[in-house]
1. Which whole-Hz ³J(HN,Hα) couplings does segment 97-108 yield from phi under the Karplus relation 6.51 cos²θ - 1.76 cosθ + 1.60, θ = phi - 60°, glycine and proline marked x?
2. If I compute solvent accessible area with a 1.4 Å probe over the protein chains, what percent of it on the chain is carbon and sulfur?
3. How much accessible area per residue does segment 52-150 have, counting only protein heavy atoms and a probe of 1.4 Å, in square angstrom?
4. Give me the distance in nm between label points sitting 7 Å out from Cα along the Cα-to-Cβ direction at residue 26 and residue 102, one decimal.
5. Restricting to DSSP H runs of at least four residues, report the calculated mean residue ellipticity at 222 nm for the chain, -39500 (n - 2.57) per run over all residues, nearest 500 deg cm²/dmol.
6. For segment 75-140, which chymotrypsin sites (Phe, Trp or Tyr not before Pro) pass both filters: DSSP loop (anything but H, G, I, E, B) and at most 14 other C-beta atoms within 10 Å?
7. Can you check what the net charge comes to around residue 135, using other residues whose Cβ is under 12 Å from the Cβ of residue 135 (Lys, Arg +1; Asp, Glu -1)?
8. Could you state the angle between the C-alpha long axis of helix 2-17 and the longest principal axis of the C-alpha atoms of the chain, as a value from 0 to 90 degrees rounded to the nearest 10?
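The values are calculated or read from the model by the stated rules, or taken from the named source; none is laboratory data. Because the structure is predicted, anything quoted here is derived from the model rather than measured. Methodologically, a virtual Cβ is constructed for each residue, glycine included, from the backbone with ideal geometry; neighbour enumeration extends over all protein chains shown. Keep in mind that these areas ignore ligands, DNA and RNA; they rest on the heavy atoms of the full protein, side chains included. Shrake-Rupley method; radii C 1.70, N 1.55, O 1.52, S 1.80 Å.
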Amino acid sequence: MKKFTLAAISIASLFAGSASAVDIDLSGNVATVCSVSSATTAITSLSGGTISGINMSCNDFDGATVTMISSEGGLQGIDSEDLVIPYKATLTPVGLTPLVLDLMSHGANGYNDTSVSTTYSGSSLLSGTSAELVITTGTSTATGAWAGAYYDKLTIQISAL
């Protein structure tokens with residue numbers, strides 16, 4: 001009986017001392033998402049105007065580049081290719097340095113696809129920020145403002161670094 005008890009204790013200690021483990025690797029990917037949006041997308045006065053409530057966000061840790069692009073280089077007259085009423089566009093995100101596209105210095109000559117860019121830190125855009133766009137117009141230094149319709153498309157884009 002003594003031998004049987006010792007044998008049972010020896011076998012029990014073998015099972016009590018053993019352990020097993022498995023490693024589980026956890027991984028995943030968060031896609032980069034940068035966006036800019038506004039409920040208001042037009043200013044229809046040649047005297048300029050303001051658009052509030054432009055929303056920008058980007059979840060890239062390194063930050064993002066915000067670019068403003070004028071397709072015509074000013075408010076181009078429908079009847080006069082590349083003759084424009086110059087303007088200045090100032091985009092001011094809350095708490096950040098303004099981005100200024102100054103087309104006043106070109107006078108009456110519009111340069112298509114004129115742009116300006118700046119980089120903002122990732123932490124300033126992660127939760128999103130609102131911005132205000134102010135458009136200030138001037139008359140063309142070469143021709144004055146001719147009667148007629150004027151047009152430009154101002155694009156605000158954001159891209160991760």
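1. 5, x, 10, 10, 9, 9, 9, 5, 6, 7, x, 8
2. Details: 5670 of 10050 Å².
The computed percentage sits at 56.
3. On the way: 4680 Å² over 99 residues.
Accessible area per residue, segment 52-150: 47 Å².
4. That separation, rounded to one decimal, is 5.2 nm.
5. On the way: 2 runs with 20 residues, N = 161.
Taken over the chain, the calculation gives -3500 deg cm²/dmol.
6. Working: sites: 87, 111, 120; in loops: 111.
For chymotrypsin sites (Phe, Trp or Tyr not before Pro) across segment 75-140 that sit outside H, G, I, E and B with at most 14 neighbouring Cβ atoms in 10 Å, the list reads 111.
7. Values: positive: 88; negative: 102, 132, 152.
Taking every Cβ under 12 Å from that of residue 135, the sum is -2.
8. Roughly 10 degrees, rounded to the nearest 10.
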